[in-house]
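Enquirer: There's a structure below that I have some questions on.
The values are calculated or read from the model by the stated rules, or taken from the named source; none is laboratory data. Everything numeric here is computed off the predicted structure, so don't read it as measured data. Backbone-built Cβ (ideal geometry, glycine too); neighbour counts: all protein chains shown.
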Amino acid sequence: MAAILGYIAASLDGFIATEDDSLDWLFRHDQPGPEEKDYDRFLRRIRTVVMGRATYDFIANDPSPWAYGNQRVIVVTSQPIGDPKGPLETRSDIDALIAELRALDDGDVWMLGGGRLQMAFMERGALDEIQIFLIPEIIGGGRPLFPATGLEAGLTLLAAEKTPEGFARLHYAFNRAPKDEPSA
């Protein structure tokens, strides 16, 4: 069974993009180096990438080549995608998609991009782990890491570390026991 994973960067004040969907604050910290990056290690374990339509449109509008040629890509959208940037499939029913993803046995699943889709998976108990990279920037507003939906969830810290770039990497697993019951 595939694990469904979140892997996302956020500003120190809890945003993943500015109000106008800019990531300039994040790209200021791009520091390619000769050492193997955490992202590269993470991506090697991923067989399926799931993203929402806004994330796909952001990636499709970027002039860079399609980065997910080694993965199956599923875009969650109710609208058709004409002339896709790379090979992809679309789904509109999140519950059916979760069942489909859970049946995979060829690698893990990455919930790429925005907090809304990740939140939809969290509300359904379908996100197993999340890695959050806190970037040393305060951007003063924008798209929140997790939209306020009223969800309450317990998590277990698996790791916390300072990366060579100066980020805080927080790695959590979602607790599966209901909040009122003690974990076994």
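Enquirer: Can you list residue pairs whose Cβ atoms sit under 8 Å apart, with the first residue in the stretch 83-100 being closer than 22 Å to G125 by Cα and modelled with pLDDT under 95 and the second being of a type in the set (S, T, Y) and part of a helix (DSSP H, G or I)? Count only pairs 6 or more apart in sequence or on different chains.
Expert: Close Cβ pairs satisfying both conditions: none exist.
Enquirer: If you don't mind, another one. Take the stretch 165-184 and flag every residue that is at pLDDT 50 or above and either over 13 Å from P136 (Cα atoms) or acidic (D, E) (or both).
Expert: E165, L170, H171, Y172, A173, F174, N175, R176, A177
Enquirer: Would you point out which residue out of Y68, Y56 is out of contact with any helix residue (DSSP H, G or I) (no Cβ under 6 Å at 6 or more places or on another chain), surrounded by 16 or more Cβ atoms within 10 Å (Cβ to Cβ) and part of a loop (DSSP other than H, G, I, E, B)?
Expert: Exactly one of Y68, Y56 is out of contact with any helix residue (DSSP H, G or I) (no Cβ under 6 Å at 6 or more places or on another chain), surrounded by 16 or more Cβ atoms within 10 Å (Cβ to Cβ) and part of a loop (DSSP other than H, G, I, E, B), namely Y68.
Enquirer: Restricting attention to the stretch 142-164, and to residues there that are among the hydrophobic types (A, V, I, L, M, F, W, C) and not in a loop (DSSP other than H, G, I, E, B), which single residue is surrounded by the most Cβ atoms within 10 Å (Cβ to Cβ)?
Expert: Applying the filter and picking the extreme gives L155.
Enquirer: Identify the residue in the stretch 109-125 that is farther than 15 Å from Y172 by Cβ and either of a type in the set (S, T, N, Q) or part of a loop (DSSP other than H, G, I, E, B) (or both) and, among all such residues, is nearest to the chain's Cα centre (by Cα).
Expert: Only one residue tops the list, namely G113.
Enquirer: Somewhere in the stretch 92-107, is a residue in a strand (DSSP E or B) and either surrounded by 15 or more Cβ atoms within 10 Å (Cβ to Cβ) or not β-branched (V, I, T) (or both)?
Expert: Checking the stretch 92-107: not a single residue is in a strand (DSSP E or B) and either surrounded by 15 or more Cβ atoms within 10 Å (Cβ to Cβ) or not β-branched (V, I, T) (or both).
Enquirer: Would you point out the residue of the stretch 1-23, among those that are of a type in the set (D, E, K, R) and at pLDDT 90 or above, that is farthest from G86 (Cα to Cα)?
Expert: D13
Enquirer: Something else now. So the check is Cβ under 6 Å with 6+ separation or different chains; which pairs have a first residue in the stretch 31-51 that's assigned to a loop (DSSP other than H, G, I, E, B) and a second one that's among the basic types (K, R) and modelled with pLDDT of 90 or more?
Expert: Partner pairs satisfying both residue conditions: none exist.
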